[in-house]
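Note sheet for the following structure.
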Amino acid sequence: MAVQLSRRVDFPMIDMAGVSYYPRIYDLAHRFFEDSWAKICGIDYPTIINEMRLGFPVVDVKSTFIKPLRYGDEITANITISHVGDKSCTWNYSFYNQKQELLWESQQVTVCVSMDTMESKTIPDDLKTGLVNLIE
């Protein structure tokens, strides 16, 4: 099962060549990551950060840039998870434009950490259940 979220490529996301500058693509992926928690676990990411005092920073990234993201494109992100461990999980992103063209793919490993100490922690069962349900 995949989570699908959409967002437009806005003017601040592009460079002088008229395409999204690669750090903006990672920023877009992170925005989708944050938005996906409510759909996956029924809890929004600000609650996870501020109330549960947990974060999920990226510790490994692999990406393939296939075609440019252009100003005005409507990007649909398909997000799946391929692995959930005790303290980490692997997120898979595929970005498509409004023509259904695959533009970008990325695999990103996140680790559950305490926001107070930044030390790794076991993923709580309520979050882990939602994450496991997204495994492809």
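Bear in mind that the values in this text are calculations on the coordinates, not laboratory data. These numbers were taken from a predicted model, which means no experiment stands behind them. Every residue, glycine as well, gets a Cβ built from its backbone with ideal geometry; the counts of neighbours run over all protein chains shown.
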Would you kindly derive the ³J(HN,Hα) couplings of region 83-92 from the backbone phi angles with the Karplus curve 6.51 cos²θ - 1.76 cosθ + 1.60 (θ = phi - 60°), listing them in order in whole Hz, with x for Gly and Pro? 7, 10, x, 5, 10, 9, 8, 10, 9, 10
Between helix 22-41 and the chain: long-axis angle, C-alpha atoms, 0 to 90°, nearest 10: 50
Take the chain, connect every pair of alpha-carbon atoms lying under 10 Å apart with a spring to form a Gaussian network, then pick out the residue of ASP15, ASP60, ASP116 with the largest mean-square fluctuation. ASP116
In this structure, the FRET efficiency calculated for GLU51 and HIS30 from their beta-carbon separation, with R0 = 35 Å, to the nearest 0.05, is 0.95
Work through the residues other than GLU105 whose Cβ is under 12 Å from its Cβ and net out their charges, Lys, Arg +1 and Asp, Glu -1. +2
Mean separation of Cα contacts under 8 Å (6+ apart) over length of region 3-132, as relative contact order %: 28
Order 92-102, 68-78 from most to least packed using the mean count of other Cβ atoms within 10 Å. 68-78, 92-102
Provide the FRET efficiency to the nearest 0.05 for the ARG8-VAL59 pair, computing r from the beta carbons and using R0 = 35 Å. 0.75
If you only keep lysine pairs separated by 8 or more in sequence, or across chains, how many in the chain come under 21 Å at the Cα atoms? 6
If you average the C-alpha positions of region 67-112 and of region 1-24 separately, how far apart do those two centres end up, in angstrom? 12
What size of dipole, in debye to the nearest 20, comes out for region 60-132 about its Cα centre when the only charges are +1 on Lys and Arg C-beta atoms and -1 on Asp and Glu C-beta atoms? 260
A correct Karplus calculation of ³J(HN,Hα) over region 113-129, with 6.51 cos²θ - 1.76 cosθ + 1.60, θ = phi - 60°, whole Hz and x for Gly and Pro, returns 9, 6, 6, 8, 10, 6, 8, 5, 9, 5, 5, x, 4, 5, 6, 4, 4
